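These notes are about the structure you will find just below.
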Amino acid sequence: MAIQKQLENRSGLKLKLKINDNRSTMLSVKWEPDGAKVSLHRMFLNAPQNVMDALACYLTRQDRTIAPTVKAFIEDKLQKLDYSSQVDQTKLYSQGNVYNLQQIYNDLNQEYFDNKLKLYITWFGKANRRCRSRVTFGLYHDPLRLIKVNRLLDSPSFPYYLVAYVVYHEMVHHVCPPYFDANGQHHIHTKEFKGMEEQFRYYDLAQEWIKNNKSNFFFW
């Protein structure tokens, strides 16, 4: 395998290399006395030389942490991966007891995104969760093009504008994805992200609700 020979030549190590196509682990290394076991996502098959050089340094443990160039490369490629065809739509549930996520998503998509977004949406978790010391209201899985909203919000206790804000927030994550800068710093809610988020018509109202209830929840 060409990539294996390339890494072995640059690192001086004997490698047991596996190319994967999963959605979670892009790079994993298990060092052994006589080399290393390496699992790489297929995205690395076309990685530029500077990324491969940085990866080789990491394999030799010259760099104790993954280099910013490698992190930036992974983040950039992740945004281009599309595993949405693997989503089992029979397991998606958008109709709740109070709110219909699909309808909320459709309305937001039309109002703010000209119906250009092609994302899935579903509830996750349990509506009667008792432990509320830490709550994730929403998640966005970029490779799956999937928005997940905590079923806890499917209650009259949570106003419509807040639920719509959570859905909108996750939609903006698709439009303004995170990235690693040259120093390796991870930027998630970028200036562009925040600017778009503030365009939501109920943004101030949602922020006020969060402020008034932050003693009960930790958000996102």
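Output the number of residues of segment 13-52 satisfying the condition of being exposed (fewer than 11 other Cβ atoms within 10 Å of the Cβ) and either farther than 17 Å from residue 73 by Cα or modelled with pLDDT of 95 or more (or both).
3
Taking segment 181-220 only, how many residues are among the acidic types (Asp, Glu), part of a helix (DSSP H, G or I) and out of contact with any Phe, Trp or Tyr (no Cβ under 8 Å at 6 or more places or on another chain)?
Qualifying residue count, segment 181-220: 3.
Quick one: which strands (runs of 3 or more DSSP E) lie wholly within segment 60-171 and hold at least 3 residues that are modelled with pLDDT of 95 or more and surrounded by 17 or more Cβ atoms within 10 Å (Cβ to Cβ)?
Once the strands (runs of 3 or more DSSP E) in segment 60-171 are filtered for at least 3 residues that are modelled with pLDDT of 95 or more and surrounded by 17 or more Cβ atoms within 10 Å (Cβ to Cβ), what remains is 120-124, 146-150.
Scanning for something closer than 28 Å to residue 169 by Cα, over 18 Å from the mean Cα position of the chain (by Cα) and basic (Lys, Arg), does segment 36-45 turn up at least one residue?
no
Please identify the pairs in which a residue from segment 179-201 that is among the hydrophobic types (A, V, I, L, M, F, W, C) has its Cβ atom under 9 Å from the Cβ atom of a residue that is surrounded by fewer than 13 Cβ atoms within 10 Å (Cβ to Cβ), counting only partners at least 6 apart or on another chain.
Here the result reads 180/186, each pair linking segment 179-201 to a residue that is surrounded by fewer than 13 Cβ atoms within 10 Å (Cβ to Cβ).
Test residue 213 against the stated conditions and say whether it is over 17 Å from the mean Cα position of the chain (by Cα) and in contact (Cβ under 8 Å) with a residue 60 or more places away in the chain.
no
The values are calculated or read from the model by the stated rules, or taken from the named source; none is laboratory data. The shown structure was predicted, so the numbers you read here are calculated from the model rather than taken from an experiment. Cβ: placed from backbone, ideal geometry, glycine included. Neighbour counts: every protein chain shown.
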